[in-house]
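Encoded as structure tokens, the structure appears first; notes follow it.
The values are calculated or read from the model by the stated rules, or taken from the named source; none is laboratory data. Note that the structure is predicted; figures quoted are calculated from it, not measured. Glycine gets a Cβ as well: all are built from the backbone with ideal geometry, and neighbour counts include every protein chain shown.
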Amino acid sequence: MIIEAAEYSKEHLNNYLKTIDEVISKGPYKDDWENLVNYPVPKWYRDAKFGIFMHWGVYTVPAFGSEWYPNFMYRKEAIQRGKDIYSFHQENFGAGIDYRDFVPMFKAEKFDADEWAEFFRESGAKFVMPVAEHCDGFQMYDSVLSDWCASKMGPQKDVMGLLKTAIEAKGMTFCASSHRMEHYWFMGGMREREDDPVTYIPYGDMYWPSYERKFDTESGEKTPSFGAIDLVNIDELFMQDWLARTCEIVDKYRPKIMYFDWWIQIKPMKPYLKKFAAYYYNRGKEWGEEVTINYKNDAFAHTSAVKDIERGQLSGISPYFWQNDTSVAKNSWSYTPGNIYKDASEVVATLVDVVSKNGSLLLNVGPKSDGTLPEGDVKVLRDVGKWLRVNGDAIYGSYPYRKYGEGPTVTEEGHFSDMNFKGYATDDFRFTCNKAKIYIFAMNWPADGVIHVKTFGNVQHNNRFNAVIKKVSILGHGECEFRSCDAHLTIIGPKIKTKYPVVIQLDVD
């Protein structure tokens, strides 16, 4: 089957590529790692600590399985997280409905950017990051590089522009993410269709290029992994298009963070990553704004951008600022009626653990296709906001103590490790500092209200704590009794019935 669509002009692409080279040649940042590794982490980002991620797109029309619906709907042999998306599509829509047939159904008729922004502000978020383009190839912003974008099709609104205006009006920082790189193979199942496989897709089409998945040489299986395609012969036009689309987002919306999903780390992409970083950092310099990049794995050179760990954490303090991106739902990043939600207390515990280790938490929500926020997402964010309104002094603008905490619970390190959350013991504590105060997070408040913190005892293995403790307070509850001895600091607080971390403030001299 030939996709009936006129090939989009490459004029805009070529113009953008010229602009990119000109900006790099004139600016202080060049497209080489030796120059880029000295780029500083923005102070606003270090202080913010908590942001909202947002997966919203055409995939919320079928709203089944996850945001990977467009990939799995063409793959008869594949099951994702127990969901047979292929069979669901056949039974509910039929083989004659392709993914882009959902675009006119994606109307976002109830979308209110101002309402969203106010809610995100109330949740305690300091920055907000909508997905500008997910792997399906539909741009949630106004683009000159393709007609398949939200301003021209579907909602027929510049979603990104509306969100930017609303978010910044509420005093938050606007950011954006791109998952475009995976689109190279994401829709490739169309070329493998048994009934009428696609044989030609023009540049600029939503489906372009949709290469077939190749056999992974190590496993012998078809998979969208690092070996999913011939990494040496990846289409140069696609990489140029990736660069231009990403720079278009930068120029039109001036996001203060550009986040990239996995797969950009493949070898052929390295020159394009360096070009983008140099272009973006030079643009930030022009604007007088602090900007940065989020990346996974080792896509960017260490210290040239901020590393992100997907649904994961670190086991100890990192000397380099980092980020955990996770979601309110355990099973999906986008809205589905069957989403399994985390309790807000788990989200708060994750935030505390991440911040104590010199990190930031990016928490995802998944709006419905009509532009409303699901009740489950709303409840989690509302409860997180309530906790932050009381305890925010220990989070915002904080910095790590000389150790992240103490206690028997070991945090598993790496991607997807927060999926194994089991909770904390009553002798698990995390620490931060802010404005010459030390904060102790009691991760599981004991029934009797008495805790013993070894780190702040007078003698602890040649690492004596001998600052003068002037006062001990529990945020939201007031001053409390304390006793200091060689073995530990004893804090005698009220009997609080809560699932959330309780925050103790030490005023020291």
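Look at LEU36 and say whether it is buried (at least 19 other Cβ atoms within 10 Å of the Cβ) and at pLDDT 90 or above. Step through it out loud before you land on a result.
Details: buried (at least 19 other Cβ atoms within 10 Å of the Cβ): yes; at pLDDT 90 or above: yes.
Considered against the rule, which asks whether it is buried (at least 19 other Cβ atoms within 10 Å of the Cβ) and at pLDDT 90 or above, LEU36 comes out as yes.
If THR411 satisfies all but one of (1) part of a loop (DSSP other than H, G, I, E, B); (2) exposed (fewer than 15 other Cβ atoms within 10 Å of the Cβ), what's the number of the condition it fails?
(2)
Just to be sure before I move on: is THR326 surrounded by fewer than 24 Cβ atoms within 10 Å (Cβ to Cβ) and of a type in the set (Ser, Thr, Tyr) in the structure I sent?
no
For region 294-306, give me each residue that is surrounded by fewer than 22 Cβ atoms within 10 Å (Cβ to Cβ) and either outside the structural domain of TYR29 (by TED's automatic domain parsing) or β-branched (Val, Ile, Thr) (or both).
THR303, the sole residue that qualifies.
Run ILE340 past the list (1) surrounded by fewer than 18 Cβ atoms within 10 Å (Cβ to Cβ); (2) touching a Pro at 6+ places or on another chain (Cβ under 9 Å) and report the number of the one that doesn't hold.
Every condition holds for ILE340 apart from (2).
Would you tally the residues in region 438-462 being of a type in the set (Phe, Trp, Tyr) and either at pLDDT below 95 or in a helix (DSSP H, G or I) (or both)?
The qualifying residues number 1.
Among the residues of region 362-374, is any more than 19 Å from PHE120 (Cα to Cα), crowded, with 23+ Cβ neighbours inside 10 Å and among the aliphatic types (A, V, I, L, M)?
So in region 362-374, the residues more than 19 Å from PHE120 (Cα to Cα) come out as none.
No, that holds for no residue.
Under 6 Å between Cβ atoms, at least 6 apart or on separate chains: pull out the pairs that start in region 399-417 with a residue that is within 26 Å of LYS296 (Cβ to Cβ) and end on any residue that is among the aliphatic types (A, V, I, L, M).
As it stands, the answer is PRO400/ILE317; TYR404/ILE317; THR409/ALA425; GLU413/LEU314; HIS415/ILE309, since those pairs meet every condition given.
Being among the aromatic types (Phe, Trp, Tyr), over 19 Å from GLU236 (Cβ atoms) and in a helix (DSSP H, G or I) is the filter here; which residues of region 246-296 pass it?
TYR253, TYR280, TYR281, TRP287, listed by residue number.
I'd like to check something: does region 221-232 contain any residue that is at pLDDT 90 or above and either surrounded by 19 or more Cβ atoms within 10 Å (Cβ to Cβ) or not aromatic (Phe, Trp, Tyr) (or both)?
no
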